[in-house]
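Working notes for the structure below.
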Amino acid sequence: MWALRKDGKLGQFGLGSLLFLTFFVALYLSAIRALVSLAPGVSVEGWTLFQAALLGLIPIAISIPFLLPMLDAILWVAVWLVKRFRKQ
């Protein structure tokens, strides 16, 4: 039952969701570390990485209101295409 997730409530945050979130956090932080290490004359320290990570979150936060409606539209176009070609 636990492998099929039949024992949990609908929308419950599970271990798989936590691992998926951890993957994206690690991907983001490794990209920040790579960008900071490419900058000439910048030391790769904890405080510098923290500042770069916070500055990197600003464009991400600004782009969310634009990306979510666009991704929703792409999803519904995909649903429409699947339903259209399934009938034929």
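Every number here is computed from the coordinates shown, using simple stated rules; none is lab data. All of these numbers come straight from a predicted model, not from anything done at the bench. No Cβ is skipped: glycine too gets one built from the backbone with ideal geometry, and neighbour counts run over all protein chains shown.
Take peptides 31-42, 61-72 and line them up by average Cβ neighbours within 10 Å, highest first, as a rough protection proxy. The partial results should precede the final answer.
Working: 31-42: 11.7, 61-72: 9.6.
Order by mean packing, descending: 31-42, 61-72.
How much length is gained on full extension from Gln51 to Leu29, taking 0.36 nm per residue of separation minus their Cα-Cα distance? Mind showing how you got there, number by number?
Numbers: separation 22, 0.36 × 22 = 7.92 nm, distance 1.16 nm.
Here the answer is 6.8 nm.
For Ile64 and Arg86, what does the FRET efficiency come to when R0 = 25 Å and r is the distance between their Cβ atoms, rounded to the nearest 0.05?
Calculated transfer efficiency: 0.15.
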